[in-house]
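Report on the following structure.
Every number in this text was worked out from the coordinates using simple rules, so none of it is lab data. These figures come from a predicted structure and were not determined experimentally. Because the Cβ atoms are built from the backbone with ideal geometry, glycine has one as well, and the counts that use them run over all protein chains shown.
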């Protein structure tokens with residue numbers, strides 16, 4: 001399957017929320033989905049390391065970096081740690097770096113853009129909070145579905161076997 005989201009929209013039109021943000025795909029996995037873990041942080045990815053160090057089986061990390069592309073919230077080291085711990089993907093309302101390496105990893109990565117500058121380390125951020133991105137609410141525990149068409153959200157897991 002090369003396109004997941006159009007089929008999900010056709011079958012689950014009333015159950016999904018479209019995230020109207022034009023993300024760039026950087027990860028080696030173009031289709032990914034899972035339960036959402038949210039993080040709100042600004043130009044500080046200290047908590048990203050803590051989160052991707054945990055078991056991420058069937059989960060997607062959604063980072064709201066307030067749209068800032070001045071510092072990258074995910075790079076190769078954190079992405080490799082995410083792969084090691086089973087994360088399906090990372091969506092960033094902000095920037096990523098080491099994008100050539102990210103493209104080789106079995107991880108979905110979407111970000112607004114790329115930036116080679118690392119973040120400051122202040123251990124700041126809010127974990128598992130409701131986010132508003134692109135005028136769309138993103139709740140911890142939502143289910144996120146992503147492919148090259150973009151990002152969909154659902155309150156409940158969707159049965160993909162019906163597609």
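Arrange the peptides 65-77, 81-93 so that the one whose residues have, on average, the most other Cβ atoms within 10 Å appears first.
For the peptides 65-77, 81-93, the packing ranking is 81-93, 65-77.
Compute the Rg to Rh ratio over the range 9-82 from the alpha carbon atoms, using the Kirkwood formula for Rh, and round to two decimal places.
0.98
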DSSP-defined beta bridges in the chain - what % are antiparallel, rounded to 5: 50
The chain: calculated mean residue ellipticity at 222 nm from DSSP helix runs of at least 4, using -39500 (n - 2.57): -4000 deg cm²/dmol
Tail weight of P(r) past 22 Å, computed on alpha-carbon pairs of the chain, percent: 34
